[in-house]
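To start, the structure itself, in structure tokens.
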Amino acid sequence: NAGVTQTPKFQVLKTGQSMTLQCAQDMNHEYMSWYRQDPGMGLRLIHYSVGAGITDQGEVPNGYNVSRSTTEDFPLRLLSAAPSQTSVYFCASRKTGNGELFFGEGSRLTVL
Amino acid sequence: SQQGEEDPQALSIQEGENATMNCSYKTSINNLQWYRQNSGRGLVHLILIRSNEREKHSGRLRVTLDTSKKSSSLLITASRAADTASYFCAMNTGNQFYFGTGTSLTVIP
């Protein structure tokens, strides 16, 4: 099993550009989520999904869109990137219930 | 913000010593989890304690939870250089997780 796979690992954007961060998991997990990690702030939840076709907002959803058309994939879209979105982004998944999260290796995004 | 607070922010100890880090939170929880993050990597789950549990052990890890004080602690005994990493508590409220600000642990060989 590959676990949780995120692409790309690094990305540089200009203000106003759009892009999609990809996340895929092969563990048949119903729950998937996106976090951003900023220095001194820990991780903050952006969006999450409890199954295909179902998404909901987390703590910091503004500026980000998500969709969940399959169990395996949960892409995160930035429609118009801003410097405040410079961060490291992590995708995580888990089985249904209250268990542990499995994390990808992260995507480092810089917006100039 | 529902983020947790961890202290200390940074901790440096000698190999073989014990390391204790503390987490305080604001919201009601289903469980509290601890994660480890090596530099530049994703987070890895260490241990989970449910809201009706007070203490849990896993190998060299000991976690306590006091829901009346909304606090938890993680003890790593007999530390090793390989334990050098950042440690985060995470409060699970069901479908949402709120992470602490992290403790950076350095274990000196």
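The values are calculated or read from the model by the stated rules, or taken from the named source; none is laboratory data. The shown structure was predicted, so the numbers you read here are calculated from the model rather than taken from an experiment. Here the Cβ is made from the backbone with ideal geometry for all residues, glycine too, and neighbour counts use every protein chain on show. In case anyone asks, the SASA skips ligands and DNA or RNA and just uses the protein heavy atoms, side chains included. Shrake-Rupley method; radii C 1.70, N 1.55, O 1.52, S 1.80 Å.
Structure notes:
- Unique match (being within 11 Å of chain A (Cβ to nearest Cβ), within 11 Å of the chain's Cα centre (by Cα) and farther than 12 Å from B:Gly100 by Cβ) among B:Leu61, B:Leu32, B:Leu48: B:Leu48
- Qualifying residue in the stretch A:1-23 (condition: of a type in the set (Gly, Ala, Ser) and assigned to a strand (DSSP E or B)): no
- Filtered residue count, the stretch A:34-91, keeping only those that are of a type in the set (D, E, K, R), more than 10 Å from chain B (Cβ to nearest Cβ) and either farther than 21 Å from A:Val12 by Cα or open to solvent by less than 50 Å² (accessible area, probe 1.4 Å) (or both): 5
- Residue that is farthest from B:Arg54 (Cα to Cα) [pool: residues in the stretch B:1-36 that are among the hydroxyl-bearing types (Ser, Thr, Tyr) and assigned to a loop (DSSP other than H, G, I, E, B)]: B:Ser1
- Flag if B:Leu65 is under 17 Å from A:Ala92 (Cβ atoms), assigned to a strand (DSSP E or B) and open to solvent by less than 10 Å² (accessible area, probe 1.4 Å): no
- All positions within the stretch A:102-112 that are touching a Ser or Thr at 6+ places or on another chain (Cβ under 7 Å) and within 9 Å of chain B (Cβ to nearest Cβ): A:Phe102, A:Gly104
- Taking the criterion of being closer than 13 Å to A:Phe102 by Cβ, of a type in the set (Gly, Ala, Ser) and open to solvent by 50 Å² or more (accessible area, probe 1.4 Å), the only residue of the stretch A:1-33 that qualifies is A:Ala2.
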